[in-house]
1. Over the range 84-134, average the accessible area per residue using a 1.4 Å probe and give it in Å², no decimals.
2. Pop a pseudo-label 7 angstrom from the Cα along the beta-carbon direction at both LEU92 and VAL73 and give the gap in nm to one decimal.
3. Restricting to the chain, compute how many DSSP beta bridges are antiparallel as a %, nearest 5.
4. What is the mean projected area of the alpha carbon convex hull for the chain, to one decimal in square nanometres?
5. How would the range 27-133 be classified by its alpha-carbon gyration tensor: rounded, prolate or oblate, with rounded meaning a/c under 1.5 and the a/b versus b/c comparison settling the rest?
6. Hey, what number do you get for the chain at 222 nm if only DSSP H runs of n ≥ 4 count, each worth -39500 (n - 2.57), divided across all residues, to the nearest 500?
7. Going from most exposed to least, what order do CYS176, CYS29 have by accessible area with a 1.4 Å probe?
8. According to the Kirkwood expression over distinct Cα-Cα pairs, how big is the hydrodynamic radius of the range 86-203, in Å?
Amino acid sequence: MDAKYWDTKYETEEFVYTKLVNRFVKEYCEPLTPGTAMDVAGGEGRNTVWLAQQGWQVENIDFSQTALNKCIVFAEEEGIAELVDTNCASALEFEPHQTPVDLAIIGYLQINQADLRTAIKRVAGHVKPGGHLFGVWHSRDNLEHSFGGPRDPEVLPNPELLNEYLAGEGFEIIDCRNRDGQIQTREGLKPSVTAVLFARKLA
């Protein structure tokens, strides 16, 4: 799926993934002291705007300009536009406007594992010593146990793979595991397995 696919997906007045912050982003990042942040694959900006509301200076990096346009409008509606910047670029090749940052978020970047490794290492390189990296994905364990995310194992990481991808980048892993979540289906809410990664860059 390329940028054109996502531009088409986001061409609706509704927010495809809602305006609500992801609950795991809120859980792990709310205790942190606000500073500078990047939201990689931030889409329409639900996590970007929430971070800005907490006082972060945030750059939403996504390859869908349509999504970023919605993020800008959302930030303006919330009165925090001065804290939000957008950068139309791929998670594999982006050059951030601000670097290094205190916090980097990767939200549901469900891409093939070779590319995900590249993206994680690229993001990790833009986190300052003492800063944090947080990621959340539909876990590969959904294929056997739950309903969340794509049904292709190639785009579904698990905690073991995430640990491997961040190895050698100078981070202390604080938490990397599967968490219980929920996903909305036509039959109502179903259990979903969510992989989370939370790490701090060593000095």
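1. Averaged over the residues of the range 84-134, the accessible area is 37 Å².
2. For LEU92 paired with VAL73, the spin-label model returns 3.0 nm.
3. Values: 21 of 41 bridges.
Bridges in the chain are about 50 percent antiparallel.
4. Numbers: hull surface 42.3 nm².
With every direction weighted equally, the projected area is 10.6 nm².
5. Numbers: a/c = 1.79, a/b = 1.19, b/c = 1.51.
Judged from the Cα gyration tensor, the range 27-133 comes out oblate (a/c at least 1.5, b/c at or above a/b).
6. Values: 7 runs with 60 residues, N = 203.
About -8000 deg cm²/dmol.
7. Details: CYS176 30, CYS29 0 Å².
Listed by decreasing accessible area, they come as CYS176, CYS29.
8. On the way: mean 1/r = 0.0677 Å⁻¹.
It works out to 14.8 Å.
The values are calculated or read from the model by the stated rules, or taken from the named source; none is laboratory data. Nothing here was measured: the structure is a model prediction, and the numbers come from that model. Here the Cβ is made from the backbone with ideal geometry for all residues, glycine too, and neighbour counts use every protein chain on show. Note: accessible area is taken over every heavy atom of the protein model, side chains too, but ligands, DNA and RNA are not part of it. Shrake-Rupley method; radii C 1.70, N 1.55, O 1.52, S 1.80 Å.
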